[in-house]
Amino acid sequence: MVAIKNSVLTLIVVLAICLTALHAVKAAGPAPSTSGTASLKGVVKFEGTAPKPKLISMSADPSCAKQHSGPVFAQEVVTDAKGDLENVVVFISEGLGDRTFDAPTQPVVVEQKGCMYQPHVLAVRANQPLHVVNDDPTSHNIHPTPANNREWNKAEPPGSSVDESFAREEIAIPVKCNLHPWMHGYVAVFKHPFFAVTGKDGSFDLSSLPPGTYTIKAWHEKLGTSTQTITIGANETKEISFVFKAM
């Protein structure tokens, strides 16, 4: 009898260990894919003599002018001494097929500061929260004028904020302030995460791309759109460049 009891106890312990292991496998889910992703990097340049930036007059609202120690210029074409071009939206326009991507819940922030939009050009995902802050001592209104999304126009007293989103892809939506006519910017909206806005050095980085053949576009508010097609493999990094010229 003792031997039988010991055998039963041993069997129970073995079954418990097996069930625990099976539960752990189910909880972990399927093993992650081992297929590698790709990375696309590059720079956007302006070739030739950049147009002279337009001087902005803020005399209509002294509270705006007081926030600047020197002259303020429009941000339509911004380059450095090497020709690096800022505020260019670089993105995948074709090649992702029917892949879908969940929208982030983290908001993208745009500030109204010194009676200017910061950043001047930004990019968000469709249905991603857009948090618009008024850091100025004067009132603004935020007024996007989309072609493919719902238009809205909201007043913002000093220190207030507005939360909105755009449901559909659109590159790019003009944004203005009806109270300060020199204030304008752009919001590019994407249904996927493969986009970037160039900074002062004109660089961009589209990482974690599935391997494939893609149409890449670079959009600028005044200089238009440039297009390239590229094929990139798993675990591969490629570099490309876009060059814009004066129109």
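The values are calculated or read from the model by the stated rules, or taken from the named source; none is laboratory data. Small disclaimer: the values here were computed from a predicted structure and weren't measured. Cβ: placed from backbone, ideal geometry, glycine included. Neighbour counts: every protein chain shown. Just the protein is used for accessible areas: all its heavy atoms, side chains included, with ligands, DNA and RNA removed. Shrake-Rupley method; radii C 1.70, N 1.55, O 1.52, S 1.80 Å.
Looking at the structure I just gave you, is Val189 under 27 Å from Gly233 (Cα atoms), touching a Phe, Trp or Tyr at 6+ places or on another chain (Cβ under 7 Å) and not charged (D, E, K, R)? Outline the logic, then answer.
Values: under 27 Å from Gly233 (Cα atoms): yes; touching a Phe, Trp or Tyr at 6+ places or on another chain (Cβ under 7 Å): yes; not charged (D, E, K, R): yes.
Yes.
When you scan the stretch 190-222, how many residues do you find that are under 14 Å from Gly97 (Cα atoms) and hydroxyl-bearing (Ser, Thr, Tyr)?
The qualifying residues number 3.
Here is a yes/no grid of residues against (1) open to solvent by 70 Å² or more (accessible area, probe 1.4 Å); (2) in contact (Cβ under 8 Å) with a residue 40 or more places away in the chain:
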position: Ala196; (1), (2): no, yes
position: Tyr214; (1), (2): no, yes
position: Glu221; (1), (2): no, yes
position: Gly224; (1), (2): no, no
position: Gln228; (1), (2): no, no
position: Met247; (1), (2): yes, no
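Which condition from (1) open to solvent by less than 20 Å² (accessible area, probe 1.4 Å); (2) within 30 Å of Pro71 (Cβ to Cβ); (3) out of contact with any Ser or Thr (no Cβ under 6 Å at 6 or more places or on another chain) is the one that His184 breaks?
Looking at each condition in turn, His184 falls short on (1).
Do we find a residue being hydroxyl-bearing (Ser, Thr, Tyr) and touching a residue at least 60 places away in the same chain (Cβ under 8 Å) anywhere in the stretch 112-119? I'd like the intermediate steps shown before the answer.
Residues of the stretch 112-119 that are hydroxyl-bearing (Ser, Thr, Tyr), as a first pass: 117.
From what's left, touching a residue at least 60 places away in the same chain (Cβ under 8 Å): 117.
Yes; the residues of the stretch 112-119 include at least one that is hydroxyl-bearing (Ser, Thr, Tyr) and touching a residue at least 60 places away in the same chain (Cβ under 8 Å).
Yes/no matrix, rows are residues, columns are (1) of a type in the set (Asp, Glu); (2) open to solvent by less than 20 Å² (accessible area, probe 1.4 Å); (3) over 14 Å from the mean Cα position of the chain (by Cα):
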residue	(1), (2), (3)
Gln75	no, no, yes
Ala81	no, no, yes
Glu94	yes, no, yes
Pro104	no, no, no
Val109	no, no, no
Val133	no, no, yes
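Scanning the stretch 230-245 for residues that are among the polar types (S, T, N, Q) and either assigned to a strand (DSSP E or B) or within 22 Å of Asp84 (Cα to Cα) (or both), which turns out least open to solvent (accessible area, probe 1.4 Å)?
Residues of the stretch 230-245 that are among the polar types (S, T, N, Q), as a first pass: 231, 235, 237, 241.
Checking the rest, the ones that are also either assigned to a strand (DSSP E or B) or within 22 Å of Asp84 (Cα to Cα) (or both) come to 231, 237, 241.
Working: Thr231: 79, Thr237: 85, Ser241: 62 Å².
Out of the qualifying residues, it is Ser241.
So for the stretch 141-154 (the condition being open to solvent by 60 Å² or more (accessible area, probe 1.4 Å) and in contact (Cβ under 8 Å) with a residue 40 or more places away in the chain), does at least one residue qualify? Before you say what the answer is, go through the steps one by one.
Initially, the stretch 141-154 is screened for residues open to solvent by 60 Å² or more (accessible area, probe 1.4 Å), giving 147-148, 150-151, 153-154.
Still in the list and also in contact (Cβ under 8 Å) with a residue 40 or more places away in the chain: none.
The answer is no, given that none of the residues of the stretch 141-154 is open to solvent by 60 Å² or more (accessible area, probe 1.4 Å) and in contact (Cβ under 8 Å) with a residue 40 or more places away in the chain.
Is one or more of the residues making up the stretch 52-64 touching a helix residue (DSSP H, G or I) at 6+ places or on another chain (Cβ under 6 Å) and either modelled with pLDDT under 90 or in a loop (DSSP other than H, G, I, E, B) (or both)? Lay out the reasoning, then the answer.
Kept after step one, since they are touching a helix residue (DSSP H, G or I) at 6+ places or on another chain (Cβ under 6 Å), are these residues of the stretch 52-64: 58.
Now restrict to residues that are either modelled with pLDDT under 90 or in a loop (DSSP other than H, G, I, E, B) (or both): 58.
Looking for residues that are touching a helix residue (DSSP H, G or I) at 6+ places or on another chain (Cβ under 6 Å) and either modelled with pLDDT under 90 or in a loop (DSSP other than H, G, I, E, B) (or both), one finds at least one in the stretch 52-64, hence yes.
Out of the residues in the stretch 111-131 that are touching a Gly at 6+ places or on another chain (Cβ under 9 Å) and in a loop (DSSP other than H, G, I, E, B), which is most open to solvent (accessible area, probe 1.4 Å)?
Filtering the stretch 111-131 for residues touching a Gly at 6+ places or on another chain (Cβ under 9 Å) gives 116-122.
Adding the requirement that they be in a loop (DSSP other than H, G, I, E, B) leaves 119-120.
Numbers: Pro119: 58, His120: 11 Å².
The qualifying residue most open to solvent (accessible area, probe 1.4 Å) is Pro119.
Exactly one of these conditions fails for His180: (1) without any contact (Cβ under 8 Å) to a residue 60 or more places away in the chain; (2) in contact with an Asp or Glu (Cβ under 8 Å, 6 or more places away or on another chain). Give me its number.
It is condition (1) that His180 fails.
Would you confirm, using the coordinates I've provided, whether Glu170 is more than 18 Å from Gln75 (Cα to Cα), crowded, with 17+ Cβ neighbours inside 10 Å, without any contact (Cβ under 8 Å) to a residue 40 or more places away in the chain and of a type in the set (Asp, Glu)?
On the way: more than 18 Å from Gln75 (Cα to Cα): yes; crowded, with 17+ Cβ neighbours inside 10 Å: yes; without any contact (Cβ under 8 Å) to a residue 40 or more places away in the chain: yes; of a type in the set (Asp, Glu): yes.
Yes: the conditions hold for Glu170.
How do the pairs read when you match residues in the stretch 57-75 that are aromatic (Phe, Trp, Tyr) with residues anywhere that are surrounded by 10 or more Cβ atoms within 10 Å (Cβ to Cβ) and in a loop (DSSP other than H, G, I, E, B), using Cβ under 7 Å and keeping only pairs 6 or more apart or on different chains?
So the pair list comes out as Phe73/Pro53; Phe73/Lys54.
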